[in-house]
1. Yes or no: Ser95 at pLDDT below 95 and either closer than 24 Å to Gly137 by Cβ or not aromatic (Phe, Trp, Tyr) (or both)?
2. Looking at this structure, is Thr106 without any contact (Cβ under 8 Å) to a residue 40 or more places away in the chain and either surrounded by fewer than 19 Cβ atoms within 10 Å (Cβ to Cβ) or assigned by TED's automatic domain parsing to the domain that holds Phe141 (or both)?
3. Is at least one residue of region 331-343 assigned to a loop (DSSP other than H, G, I, E, B), at pLDDT 95 or above and within 23 Å of the chain's Cα centre (by Cα)?
4. Return the residues of region 128-153 that are over 15 Å from Ala92 (Cα atoms) and either among the β-branched types (Val, Ile, Thr) or out of contact with any strand residue (DSSP E or B) (no Cβ under 9 Å at 6 or more places or on another chain) (or both); say none if nothing qualifies.
5. Can you name the residue in region 162-182 that is out of contact with any Lys or Arg (no Cβ under 8 Å at 6 or more places or on another chain) and not in a helix (DSSP H, G or I) and is also farthest from Val146 (Cα to Cα) among such residues?
6. Residues of region 192-207 being part of a helix (DSSP H, G or I) and not small (Gly, Ala, Ser), which ones?
7. Looking for whichever is surrounded by fewer than 18 Cβ atoms within 10 Å (Cβ to Cβ) and within 23 Å of Val223 (Cα to Cα) here; the options are Gly344, Gly324. Which one fits?
8. Working only within region 288-343, note down all residues that are under 19 Å from Asn258 (Cβ atoms) and of a type in the set (Gly, Ala, Ser).
Amino acid sequence: MFTLLNLAGLILAVTLLPLLARAGEGGSFVLINMTPYNWNQISISSYQMNAWNFPQSVLAGTMAKVYVEWDQYIFDDQEDDGGEVVYQLQGAPISASFQLQARATTTSFNLQAYYTNVATTSHSLGSIVDLGWVHDGNTVFVLSGVPGHFNTINPPTNWMQLSLATVGNKPLRQLVIPGSHDSGMSFVDGSTFLSSADHVLTQTLSVGGQLANGARYFDLRPVISSGIFKTGHYSTLPIIGYQGANGESFSQIISEINAFTAANAELIILNLSHDLNTDSGYGSLTQANWNQLFQQLSGLSHLYVAPNPTTIDLSTLPLSQFIGLGSAAVIVLVDAGDKTVTLGSYASQGFYNSITQFPLFNSYADSNDLSTLEKRPTHEIGPKQDQLEFFGIFALMDLDSTRDRLHTEGCTEYH
């Protein structure tokens, strides 16, 4: 007969079972090798780690995803969990190596990088840098560049200036510039009835926050809402019509950019398209509307006026021509919905036609699968980077925000 004693024993067993199991928190350690050298493993060790197995090599220009699992067995001391793996950069002109480490306390886990024999633009030789830990997620380590110009986690905010020695002579069309899609949509400031944050938000950081984290290209979609120019993220749906929301105002974005360029001599590209007047039937902005927006954007510091500004293909100019003299440069690209709209006098004040003066390639990843994302850039940009009509931009969205929002079952992203 089943008694209360039996029930108590069953409850105790169910309660203790997870504690008696050796399984612990697990997650992925993503290694990104953007150097021209293969990383060769020269040593590996661990203590009390359930999973700490790394590839013998991470080839130049590739990524490796390693599963890591800690030991949380009730009879083991969690703070003793640990692991180390050392990689050497094969073929580097000077000896270069680094160590990746796993460290634990009684309450937390952490992955970290020990720059044993590598100095980067942001971390000196011998530095130990916390990378964090994401349970059931990805913790990333990246190293790019060459000795004397290595970049890694937490790069300096003026990464373009620091890269001039290596890529300053490259035309923009041969560079991959980090940026964001539907920029300014880190919060909602007014929306249609059927819209929700899951449908419209594409970043967790403002434009200023993205600048501080390395983004230099911004896909801004101007809308008029209650007479104010804001960023927007809208689509037209069958029967229902336009649905979407507004984000940062252009006045806020201008202030953020000016604050950034006051301290960082970087190139910033603003691409304006998909314009709407939500106050007037969701039509395209008129010439008068655009002129008002151009006037507001004239408040940007360091607007760059190119030679032959009305005809120049900006993508053919080297990076050094924009920022090589130690001053920031901001260019505003315009693709108006109403094709009769012109730049007028603003065409010689730092404003350009994006169709004729900045040939642009845009592509949606349409996936949150790591292997798909890893292969796609090489497939799309690699074979075409020397074609004059081609210009590649990666829309590197904030994955913390988009991985759930853009790929949630039953949700529709507004393009």
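1. So Ser95 fits the description; yes.
2. In short, yes.
3. no
4. Listed by number, the residues that qualify are Ile128, Val129, Val134, Thr139, Val140, Val142, Thr152, Ile153.
5. Across region 162-182, the extreme among qualifying residues is His181.
6. Asp198, His199, Val200, Val207 - these are the residues of region 192-207 that are part of a helix (DSSP H, G or I) and not small (Gly, Ala, Ser).
7. Gly344
8. Ser298, Gly299, Ser301, Gly326, Ser327, Ala328, Ala329
The values are calculated or read from the model by the stated rules, or taken from the named source; none is laboratory data. Source: prediction; values computed, not measured. As a convention, Cβ positions derive from the backbone with ideal geometry for all residues, glycine included, and neighbour counts pool all protein chains shown.
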